[in-house]
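Here's the structure, in structure tokens; my notes come after.
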Amino acid sequence: MIDIREATKNFGDFKAVDKVSFSVKAGEAFAILGPNGAGKSTLIRCILGTLDFEGEIRLNNLDIKENRKEAKALIGYVPQEPQFYDMTTIEVLNFFGSIRRVNKERIERVLHLVGLKEHVFKSTSALSGGMRQRLSFGIALLSDSPVLILDEPTSNLDAYARADLLRLIKKFKTEGKTVLFSSHRLDEVEFLADRALVMKSGKIILESTPHKLGEVLGLKSKLHIKLPQSSIKTALDVLNENGFNNISLNGNKLSIELSHKERILALRKLLLAEIPVEDFNVEEPSMESIMEEVQQNGL
Ligand code: ADP
Ligand code: MG
């Protein structure tokens, strides 16, 4: 559905995207992972046909340079920082709806899909960050195009709004849309993507399935567990017996360093031993640690 061959974008002497090649199959969710400045947004703008570039990009076999209009019609796009000025929700949708020539029924349907029916007359400046992102997603859905492209859809969202939006995107993938999104968070890439690539300084440095990324890079997650004071000794015994040794204790909280793959395993062992876990959370490896790992391994 999306085929990219040696896409290169120079800003003067600076290579923002450097000979990037990859393909995304129809119905697949594909993630571009990378730190700020990696070239993700620039690459996306090339795919959208809004930037000149060297190399070749095809959407469903249509060359974006030669058949820009037809190729673009296949894409629903969610920008990194949408601007709605002071319009209300419905004004925004009507505005983009008229540009894309969609009917009122489709606008109604989209409002329903993104759960903004109760906020149609609200000024977009009064919407929460999560709602604004949903609206932006709604615009991308207006023409019901087969490809969705999202540039860091969850940046600036709190944990709740992020989970909410990720579920919504996943729903569209399940319905057969091809999804290409950029992110700097490994957890959302794991949740959404079938395949992922890591970009740095304009280049692809790694391509893998998201579940293998953590493993390939040897990343460590941290599992934090809160327990009743009376269960701590037993918990430590259970963890030690099961080979978990990298544990630190702070009051009634245990922190266990684990490989990315095993990050829930320790919790499971505790629950099996009927230890009453009061609360837990997993601290995922940060993008910085991913990049450090990449640099050290010379990938
Ligand atoms: P990302 O989205 O991964 O954070 P970007 O694609 O926005 O990265 O930017 C990649 C690099 O290209 C950055 O160093 C950025 O400063 C540079 N860049 C982006 N747009 C322009 C532009 N219009 N002119 C000059 N440099 C740019
Ligand atoms: Mg960006």
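A few remarks follow.
- Within the range 102-126, the set of residues being touching a Ser or Thr at 6+ places or on another chain (Cβ under 8 Å) and either touching a residue at least 40 places away in the same chain (Cβ under 8 Å) or under 17 Å from Pro79 (Cα atoms) (or both) comprises Val102, Thr124.
- Flag for Ser255 being assigned to a strand (DSSP E or B), over 30 Å from Ile44 (Cβ atoms), open to solvent by less than 70 Å² (accessible area, probe 1.4 Å) and not assigned by TED's automatic domain parsing to the domain that holds Val17: yes
- The single condition among (1) among the charged types (D, E, K, R); (2) on the phi < 0 side of the Ramachandran plot; (3) surrounded by fewer than 16 Cβ atoms within 10 Å (Cβ to Cβ) that Asp144 does not satisfy is (2).
- Among the residues of this structure, Phe137 does not count as one that is open to solvent by less than 40 Å² (accessible area, probe 1.4 Å), part of a loop (DSSP other than H, G, I, E, B) and out of contact with any His (no Cβ under 6 Å at 6 or more places or on another chain).
- Test result for Ile149, within 16 Å of ligand 1 (Cβ to nearest atom) and open to solvent by 20 Å² or more (accessible area, probe 1.4 Å): no
- Phe191 satisfies every condition listed in (1) more than 26 Å from Ala7 (Cβ to Cβ); (2) open to solvent by less than 20 Å² (accessible area, probe 1.4 Å); (3) of a type in the set (A, V, I, L, M, F, W, C) except (2).
- Every condition in (1) within 16 Å of ligand 2 (Cβ to nearest atom); (2) outside any helix (DSSP H, G or I); (3) open to solvent by less than 50 Å² (accessible area, probe 1.4 Å) is met by Gly37 except one, and the failing one is (3).
- Options Leu236, Leu165, Leu148: the member that is in a helix (DSSP H, G or I), under 18 Å from Ile44 (Cβ atoms) and of a type outside the set (Gly, Ala, Ser): Leu165
- Contacts under 8 angstrom Cβ, first residue in the range 58-69 being under 12 Å from Ile47 (Cα atoms) and free of Cβ contacts under 8 Å to residues at least 60 places away in the same chain, partner acidic (Asp, Glu) and surrounded by 14 or more Cβ atoms within 10 Å (Cβ to Cβ), 6 or more apart: Arg58/Asp3; Asp63/Glu56; Lys65/Glu56
The values are calculated or read from the model by the stated rules, or taken from the named source; none is laboratory data. Nothing here was measured: the structure is a model prediction, and the numbers come from that model. Here Cβ is always computed from backbone atoms with ideal geometry, including for glycine, and neighbour counts include all displayed protein chains. For the accessible areas, the whole protein counts, side chains as well, though only heavy atoms, and no ligand, DNA or RNA atoms are used. Shrake-Rupley method; radii C 1.70, N 1.55, O 1.52, S 1.80 Å.
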